Amino acid sequence: MRLSQVREILNAQVLTGDEYLDMEVKSACGCDLMSDVLAFVKDQGLLLTGLVNPQVVRTAEMMDIRVIIFVRGKAPEGEMLKLAKDKEMVLFTTAYPLYTACGLLYSAGLRG
């Protein structure tokens, strides 16, 4: 699924990386515990989370996740945006809660 489709499905706002909206992602995970991301996530292209701190970007980088979607209308600022830009990551924000956002993407064909 292209990131432009993800943006449309979630009615999301692009925070960084709008030049990468043609990028394909094949899987996703939804998680607020970065320790679980480190322990259980393999080969995920997209992370949905409600956690907004620089550790999310660092964890995603370690796991080769290039796209982070912040749910419940949360949006990082300042240092976190700069860090994501430096790492060439795509950040979105959506008003949907985590469960709904994951369900919408799953229903559209994106698997976990």
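The values are calculated or read from the model by the stated rules, or taken from the named source; none is laboratory data. For clarity, every value in this text was computed on a predicted model and none was experimentally measured. Every residue, glycine among them, receives a Cβ derived from its backbone with ideal geometry; neighbour counts consider all protein chains shown.
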| query | Any idea which of V57, V90, V52 is closer than 16 Å to M23 by Cβ and of a type in the set (A, V, I, L, M, F, W, C)? | reply | V90
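From N11, N53, grab the single residue that is over 18 Å from G112 (Cβ atoms) and modelled with pLDDT under 95. Quick ask: steps written out before the conclusion?
Values: N11 fails: modelled with pLDDT under 95.
After ruling out the rest, the residue left standing is N53.
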| note | In the stretch 24-33, anything part of a strand (DSSP E or B) and of a type outside the set (S, T, Y) is listed as E24, A28, C29, G30
| field | Residue satisfying condition, being within 12 Å of the chain's Cα centre (by Cα) and buried (at least 16 other Cβ atoms within 10 Å of the Cβ), within set V37, V71, V41 | value | V71
| note | Those residues of the stretch 5-22 which are more than 20 Å from L83 (Cβ to Cβ), touching a Phe, Trp or Tyr at 6+ places or on another chain (Cβ under 9 Å) and not in a loop (DSSP other than H, G, I, E, B) amount to V6, R7, L10
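Tally up the residues in the stretch 5-17 that are surrounded by fewer than 14 Cβ atoms within 10 Å (Cβ to Cβ) and either closer than 15 Å to G109 by Cβ or free of Cβ contacts under 8 Å to residues at least 12 places away in the same chain (or both), please. Before you say what the answer is, go through the steps one by one.
First pass over the stretch 5-17, keeping only residues surrounded by fewer than 14 Cβ atoms within 10 Å (Cβ to Cβ): 8, 11.
Adding the requirement that they be either closer than 15 Å to G109 by Cβ or free of Cβ contacts under 8 Å to residues at least 12 places away in the same chain (or both) leaves 8.
So the count comes out to 1.
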